[in-house]
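The values are calculated or read from the model by the stated rules, or taken from the named source; none is laboratory data. The model shown is predicted, which means the values in this text are computed figures rather than measured ones. Cβ placement follows ideal geometry from the backbone for every residue including glycine, while neighbour counts extend to all protein chains displayed. Side chains included, ligands, DNA and RNA excluded: accessible areas come from the protein's heavy atoms. Shrake-Rupley method; radii C 1.70, N 1.55, O 1.52, S 1.80 Å.
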Amino acid sequence: MPEFAARINKQDTVSGFRPLLPLCPLFLLLVAAILLWGWEPAKAPEESATVSETPAAPAPLVTAEQLAQMAYTDSTLGEIGWMLTEESLAELNRVLREYGILTEEAISQFLAQAAVETAAGKWLVELGDEAYFNKYGYTTGTRGAGFFHLTFEYGQMAFATWMMKRYVPGMEDIAYINPTNHEREEIRAGYYAALRLAANLGLDISAYSRIVYDAQSPVPTGADYLAQAFAWESAGYYWYITGIGEAISEEPGTANTDIVSELVGGGNWQSRREAYEAFYPVLHER
(Lines give C-alpha, C1' and ligand atoms only; values in the text may rest on other atoms or scores of the structure.)
Protein backbone atom coordinates (compact mmCIF):
# COMPACT_ATOMS: atom_id res chain seq x y z
CA MET A 1 0.00 0.00 0.00
CA PRO A 2 1.40 3.44 -0.84
CA GLU A 3 2.39 5.63 2.08
CA PHE A 4 1.24 9.17 2.28
CA ALA A 5 3.21 11.98 3.93
CA ALA A 6 2.08 15.52 4.60
CA ARG A 7 4.55 18.36 4.27
CA ILE A 8 4.24 21.08 6.90
CA ASN A 9 5.74 24.49 6.24
CA LYS A 10 6.91 25.96 9.50
CA GLN A 11 7.23 29.70 10.14
CA ASP A 12 8.98 31.55 12.90
CA THR A 13 6.33 32.19 15.51
CA VAL A 14 8.52 34.05 17.99
CA SER A 15 10.22 36.96 16.29
CA GLY A 16 7.98 39.51 14.59
CA PHE A 17 4.79 37.70 15.68
CA ARG A 18 1.63 39.73 15.37
CA PRO A 19 -1.74 38.50 16.60
CA LEU A 20 -4.21 37.84 13.84
CA LEU A 21 -7.16 39.15 15.83
CA PRO A 22 -7.34 42.24 18.08
CA LEU A 23 -7.84 41.54 21.75
CA CYS A 24 -11.44 42.67 21.74
CA PRO A 25 -14.09 41.50 24.22
CA LEU A 26 -15.62 39.15 21.63
CA PHE A 27 -12.30 37.47 21.08
CA LEU A 28 -11.76 37.10 24.83
CA LEU A 29 -15.19 35.48 25.17
CA LEU A 30 -14.29 32.99 22.42
CA VAL A 31 -11.06 32.06 24.20
CA ALA A 32 -12.89 31.61 27.48
CA ALA A 33 -15.47 29.32 25.84
CA ILE A 34 -12.74 27.13 24.42
CA LEU A 35 -11.03 26.87 27.78
CA LEU A 36 -14.34 26.11 29.54
CA TRP A 37 -15.75 23.40 27.24
CA GLY A 38 -12.53 22.12 25.73
CA TRP A 39 -11.53 21.76 22.15
CA GLU A 40 -10.30 18.91 20.06
CA PRO A 41 -8.49 19.39 16.79
CA ALA A 42 -10.07 17.89 13.72
CA LYS A 43 -8.91 14.35 13.14
CA ALA A 44 -7.13 13.52 9.95
CA PRO A 45 -9.06 11.06 7.81
CA GLU A 46 -8.01 7.54 8.60
CA GLU A 47 -6.53 5.43 5.91
CA SER A 48 -8.79 2.67 4.80
CA ALA A 49 -7.82 -0.58 6.46
CA THR A 50 -5.94 -2.99 4.29
CA VAL A 51 -8.18 -5.84 3.22
CA SER A 52 -6.30 -9.04 2.53
CA GLU A 53 -8.03 -10.92 -0.22
CA THR A 54 -7.54 -14.65 -0.63
CA PRO A 55 -6.74 -15.40 -4.28
CA ALA A 56 -9.69 -17.03 -5.97
CA ALA A 57 -9.25 -20.74 -6.60
CA PRO A 58 -8.87 -21.58 -10.29
CA ALA A 59 -11.94 -22.95 -12.01
CA PRO A 60 -11.98 -26.77 -11.93
CA LEU A 61 -10.83 -28.52 -15.06
CA VAL A 62 -13.32 -31.30 -14.34
CA THR A 63 -16.54 -30.84 -12.39
CA ALA A 64 -18.79 -33.28 -10.57
CA GLU A 65 -21.52 -32.58 -13.13
CA GLN A 66 -19.19 -33.53 -15.96
CA LEU A 67 -18.16 -36.74 -14.25
CA ALA A 68 -21.82 -37.65 -13.86
CA GLN A 69 -22.33 -37.12 -17.61
CA MET A 70 -19.42 -39.48 -18.38
CA ALA A 71 -21.32 -42.62 -17.36
CA TYR A 72 -21.44 -45.16 -20.19
CA THR A 73 -21.73 -48.86 -20.94
CA ASP A 74 -18.50 -50.59 -21.94
CA SER A 75 -18.70 -53.50 -24.37
CA THR A 76 -16.62 -55.66 -22.02
CA LEU A 77 -16.73 -54.08 -18.56
CA GLY A 78 -20.42 -53.16 -18.49
CA GLU A 79 -21.69 -50.07 -16.69
CA ILE A 80 -18.96 -47.53 -15.91
CA GLY A 81 -19.55 -44.43 -13.82
CA TRP A 82 -17.30 -42.29 -11.68
CA MET A 83 -17.83 -42.39 -7.92
CA LEU A 84 -15.42 -39.80 -6.56
CA THR A 85 -15.66 -38.06 -3.22
CA GLU A 86 -15.46 -34.27 -3.13
CA GLU A 87 -11.93 -34.61 -1.78
CA SER A 88 -10.89 -36.97 -4.57
CA LEU A 89 -12.34 -34.65 -7.22
CA ALA A 90 -10.41 -31.71 -5.75
CA GLU A 91 -7.23 -33.80 -5.79
CA LEU A 92 -7.85 -34.78 -9.41
CA ASN A 93 -8.05 -31.12 -10.40
CA ARG A 94 -4.92 -30.27 -8.42
CA VAL A 95 -2.97 -33.10 -10.05
CA LEU A 96 -4.13 -32.15 -13.54
CA ARG A 97 -2.71 -28.66 -13.05
CA GLU A 98 0.39 -29.85 -11.20
CA TYR A 99 1.40 -32.15 -14.05
CA GLY A 100 0.29 -30.00 -16.97
CA ILE A 101 -2.66 -32.12 -18.10
CA LEU A 102 -4.77 -29.19 -19.20
CA THR A 103 -6.39 -29.67 -22.59
CA GLU A 104 -9.70 -31.40 -23.26
CA GLU A 105 -7.86 -34.07 -25.22
CA ALA A 106 -5.21 -34.74 -22.59
CA ILE A 107 -7.72 -34.84 -19.73
CA SER A 108 -10.00 -37.18 -21.67
CA GLN A 109 -7.12 -39.55 -22.42
CA PHE A 110 -5.91 -39.42 -18.82
CA LEU A 111 -9.37 -40.21 -17.44
CA ALA A 112 -9.93 -42.97 -20.00
CA GLN A 113 -6.89 -44.84 -18.76
CA ALA A 114 -7.81 -44.27 -15.12
CA ALA A 115 -11.37 -45.46 -15.71
CA VAL A 116 -10.35 -48.77 -17.26
CA GLU A 117 -7.52 -49.43 -14.80
CA THR A 118 -9.75 -48.90 -11.75
CA ALA A 119 -13.37 -49.28 -12.98
CA ALA A 120 -13.71 -45.50 -12.63
CA GLY A 121 -12.24 -45.44 -9.14
CA LYS A 122 -13.87 -48.59 -7.78
CA TRP A 123 -10.66 -50.62 -7.50
CA LEU A 124 -7.62 -48.53 -6.58
CA VAL A 125 -5.52 -51.64 -6.03
CA GLU A 126 -5.06 -54.50 -8.44
CA LEU A 127 -7.32 -57.48 -7.83
CA GLY A 128 -5.87 -60.98 -7.45
CA ASP A 129 -4.10 -63.28 -5.04
CA GLU A 130 -0.43 -63.75 -4.21
CA ALA A 131 -0.01 -66.56 -6.75
CA TYR A 132 -1.42 -64.33 -9.50
CA PHE A 133 0.87 -61.43 -8.60
CA ASN A 134 3.93 -63.68 -8.32
CA LYS A 135 3.29 -64.94 -11.84
CA TYR A 136 3.95 -61.40 -13.08
CA GLY A 137 6.96 -60.74 -10.86
CA TYR A 138 5.51 -58.75 -7.98
CA THR A 139 3.67 -59.31 -4.70
CA THR A 140 0.56 -58.20 -2.84
CA GLY A 141 2.55 -55.33 -1.34
CA THR A 142 3.89 -54.17 -4.69
CA ARG A 143 0.83 -54.90 -6.86
CA GLY A 144 -0.72 -52.17 -9.01
CA ALA A 145 -2.12 -49.22 -7.06
CA GLY A 146 -3.52 -45.78 -7.78
CA PHE A 147 -5.47 -44.69 -10.84
CA PHE A 148 -2.76 -45.95 -13.21
CA HIS A 149 -1.94 -49.01 -11.07
CA LEU A 150 1.71 -48.19 -10.38
CA THR A 151 3.43 -51.55 -9.90
CA PHE A 152 6.66 -53.22 -8.68
CA GLU A 153 8.98 -52.32 -5.82
CA TYR A 154 11.29 -50.33 -8.10
CA GLY A 155 8.28 -48.34 -9.32
CA GLN A 156 7.37 -47.52 -5.73
CA MET A 157 10.98 -46.53 -4.95
CA ALA A 158 11.17 -44.22 -7.95
CA PHE A 159 7.86 -42.56 -7.05
CA ALA A 160 8.87 -42.16 -3.39
CA THR A 161 12.14 -40.52 -4.45
CA TRP A 162 10.23 -38.20 -6.79
CA MET A 163 7.89 -37.14 -4.01
CA MET A 164 10.72 -36.47 -1.56
CA LYS A 165 12.55 -34.40 -4.14
CA ARG A 166 9.42 -32.47 -5.00
CA TYR A 167 7.88 -31.85 -1.61
CA VAL A 168 10.47 -32.13 1.17
CA PRO A 169 12.45 -28.92 1.83
CA GLY A 170 16.14 -29.72 1.90
CA MET A 171 15.87 -32.62 -0.55
CA GLU A 172 15.44 -30.64 -3.75
CA ASP A 173 18.85 -31.75 -5.05
CA ILE A 174 18.57 -35.52 -4.61
CA ALA A 175 18.90 -37.61 -7.74
CA TYR A 176 15.68 -38.91 -9.23
CA ILE A 177 16.13 -42.02 -11.38
CA ASN A 178 13.45 -42.38 -14.07
CA PRO A 179 12.35 -46.03 -14.32
CA THR A 180 11.51 -45.68 -18.01
CA ASN A 181 15.20 -45.57 -18.96
CA HIS A 182 17.21 -46.83 -15.97
CA GLU A 183 17.88 -50.20 -14.39
CA ARG A 184 16.21 -51.30 -11.19
CA GLU A 185 19.45 -51.30 -9.20
CA GLU A 186 20.07 -47.67 -10.12
CA ILE A 187 16.59 -46.79 -8.85
CA ARG A 188 17.14 -48.74 -5.65
CA ALA A 189 20.49 -47.04 -5.03
CA GLY A 190 18.96 -43.61 -5.60
CA TYR A 191 16.14 -44.34 -3.18
CA TYR A 192 18.42 -45.49 -0.37
CA ALA A 193 20.72 -42.53 -0.95
CA ALA A 194 17.70 -40.28 -0.42
CA LEU A 195 16.84 -42.10 2.82
CA ARG A 196 20.39 -41.64 4.13
CA LEU A 197 20.34 -37.94 3.34
CA ALA A 198 17.00 -37.49 5.09
CA ALA A 199 18.35 -39.30 8.17
CA ASN A 200 21.48 -37.14 8.23
CA LEU A 201 19.38 -33.97 7.99
CA GLY A 202 16.86 -35.16 10.57
CA LEU A 203 13.97 -34.90 8.12
CA ASP A 204 10.66 -36.71 8.55
CA ILE A 205 9.95 -38.41 5.24
CA SER A 206 7.59 -41.10 6.50
CA ALA A 207 4.74 -39.77 4.34
CA TYR A 208 6.80 -40.77 1.29
CA SER A 209 8.93 -43.69 2.46
CA ARG A 210 5.68 -45.54 3.19
CA ILE A 211 5.06 -45.64 -0.56
CA VAL A 212 7.60 -48.49 -0.63
CA TYR A 213 6.25 -51.74 0.73
CA ASP A 214 7.66 -52.81 4.10
CA ALA A 215 6.39 -56.14 5.42
CA GLN A 216 7.59 -55.27 8.94
CA SER A 217 5.75 -51.94 9.18
CA PRO A 218 2.86 -51.69 11.69
CA VAL A 219 1.10 -49.17 9.41
CA PRO A 220 -0.02 -49.59 5.80
CA THR A 221 2.75 -49.31 3.22
CA GLY A 222 3.24 -50.10 -0.44
CA ALA A 223 0.23 -50.60 -2.68
CA ASP A 224 -2.40 -50.14 0.03
CA TYR A 225 -0.86 -46.89 1.27
CA LEU A 226 -0.25 -45.54 -2.24
CA ALA A 227 -3.89 -46.13 -3.19
CA GLN A 228 -5.02 -44.37 -0.04
CA ALA A 229 -2.67 -41.37 -0.12
CA PHE A 230 -1.51 -40.77 -3.69
CA ALA A 231 -3.98 -42.40 -6.07
CA TRP A 232 -4.22 -39.41 -8.41
CA GLU A 233 -0.70 -38.07 -7.91
CA SER A 234 0.87 -41.40 -8.84
CA ALA A 235 -1.11 -41.31 -12.10
CA GLY A 236 -0.10 -37.73 -12.87
CA TYR A 237 3.49 -38.63 -12.08
CA TYR A 238 3.44 -41.61 -14.43
CA TRP A 239 1.87 -39.52 -17.19
CA TYR A 240 4.68 -37.00 -16.78
CA ILE A 241 7.73 -39.27 -16.53
CA THR A 242 6.71 -41.34 -19.56
CA GLY A 243 6.24 -38.22 -21.70
CA ILE A 244 2.66 -39.02 -22.63
CA GLY A 245 1.72 -35.36 -22.98
CA GLU A 246 4.38 -34.89 -25.65
CA ALA A 247 3.62 -38.19 -27.36
CA ILE A 248 -0.03 -37.56 -28.21
CA SER A 249 -1.23 -35.40 -31.07
CA GLU A 250 -3.20 -32.21 -30.64
CA GLU A 251 -5.76 -33.72 -33.02
CA PRO A 252 -8.38 -35.49 -30.88
CA GLY A 253 -9.08 -39.15 -31.48
CA THR A 254 -8.60 -42.76 -30.47
CA ALA A 255 -5.25 -42.87 -32.27
CA ASN A 256 -4.01 -40.94 -29.24
CA THR A 257 -5.72 -43.46 -26.97
CA ASP A 258 -3.65 -46.27 -28.48
CA ILE A 259 -0.46 -44.29 -27.93
CA VAL A 260 -1.35 -43.69 -24.29
CA SER A 261 -2.41 -47.31 -23.75
CA GLU A 262 0.95 -48.53 -25.02
CA LEU A 263 2.85 -46.18 -22.71
CA VAL A 264 0.68 -47.02 -19.72
CA GLY A 265 1.11 -50.71 -20.45
CA GLY A 266 -2.45 -51.76 -19.82
CA GLY A 267 -4.50 -54.31 -21.70
CA ASN A 268 -7.99 -54.17 -23.22
CA TRP A 269 -7.30 -51.28 -25.57
CA GLN A 270 -10.85 -51.36 -26.94
CA SER A 271 -12.27 -50.46 -23.51
CA ARG A 272 -9.85 -47.56 -23.30
CA ARG A 273 -11.03 -46.28 -26.67
CA GLU A 274 -14.66 -46.55 -25.57
CA ALA A 275 -13.89 -44.65 -22.36
CA TYR A 276 -12.22 -41.87 -24.32
CA GLU A 277 -15.13 -41.66 -26.74
CA ALA A 278 -17.51 -41.29 -23.78
CA PHE A 279 -15.43 -38.66 -22.00
CA TYR A 280 -14.16 -36.33 -24.72
CA PRO A 281 -17.58 -35.01 -25.87
CA VAL A 282 -18.45 -34.07 -22.29
CA LEU A 283 -15.29 -32.03 -21.80
CA HIS A 284 -15.44 -30.59 -25.30
CA GLU A 285 -18.79 -28.99 -24.52
CA ARG A 286 -17.63 -27.29 -21.32
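Looking at segment 43-62, can you tell me whether even one residue there is among the small types (G, A, S), open to solvent by less than 90 Å² (accessible area, probe 1.4 Å), at pLDDT 95 or above and closer than 29 Å to I248 by Cβ? No: segment 43-62 contains no residue that is among the small types (G, A, S), open to solvent by less than 90 Å² (accessible area, probe 1.4 Å), at pLDDT 95 or above and closer than 29 Å to I248 by Cβ.
The set of residues from segment 81-108 being hydrophobic (A, V, I, L, M, F, W, C) and either under 24 Å from T242 (Cβ atoms) or under 19 Å from the mean Cα position of the chain (by Cα) (or both) comprises W82, L84, L89, A90, L92, V95, L96, I101, L102, A106, I107.
Selection of first residues in segment 140-162 that are under 16 Å from L195 (Cα atoms) and of second residues that are of a type in the set (S, T, N, Q) and assigned to a helix (DSSP H, G or I), restricted to Cβ pairs under 8 Å at least 6 apart or on distinct chains, gives the following pairs, ordered by first then second residue: F159/S234; A160/S209. Identify, please: which residue in segment 117-135 is in a helix (DSSP H, G or I) and farther than 30 Å from L67 by Cα and is, among those, least open to solvent (accessible area, probe 1.4 Å)? So the residue we want is F133. The sole residue among P281, P252 that is open to solvent by 30 Å² or more (accessible area, probe 1.4 Å) and in contact (Cβ under 8 Å) with a residue 40 or more places away in the chain is P252. When we screen Y191, Y225, Y237 for residues that are open to solvent by less than 30 Å² (accessible area, probe 1.4 Å), farther than 30 Å from A119 by Cβ and in a helix (DSSP H, G or I), the only hit is Y191. Can you find even one residue in segment 207-215 that is of a type in the set (D, E) and within 15 Å of M157 (Cα to Cα)? Yes.
Test L111 against the criterion of being under 25 Å from G267 (Cα atoms) and modelled with pLDDT of 95 or more, and give yes or no. So L111 passes the test.
Of all the numbered requirements in (1) crowded, with 19+ Cβ neighbours inside 10 Å; (2) closer than 20 Å to T242 by Cβ, M70 misses one, and that requirement is (2). Kindly check whether there is at least one residue in segment 80-97 that is open to solvent by 80 Å² or more (accessible area, probe 1.4 Å) and either modelled with pLDDT under 95 or on the phi > 0 side of the Ramachandran plot (or both). The answer is yes; a qualifying residue exists. Among the residues of segment 84-93, is any assigned to a helix (DSSP H, G or I), touching a helix residue (DSSP H, G or I) at 6+ places or on another chain (Cβ under 6 Å) and acidic (D, E)? Yes, there is a match, as at least one residue in segment 84-93 is assigned to a helix (DSSP H, G or I), touching a helix residue (DSSP H, G or I) at 6+ places or on another chain (Cβ under 6 Å) and acidic (D, E). Could you say which residue among Y167, Y138 is under 22 Å from the mean Cα position of the chain (by Cα), of a type in the set (F, W, Y) and surrounded by 13 or more Cβ atoms within 10 Å (Cβ to Cβ)? Result: Y167 is the single residue among Y167, Y138 that is under 22 Å from the mean Cα position of the chain (by Cα), of a type in the set (F, W, Y) and surrounded by 13 or more Cβ atoms within 10 Å (Cβ to Cβ).
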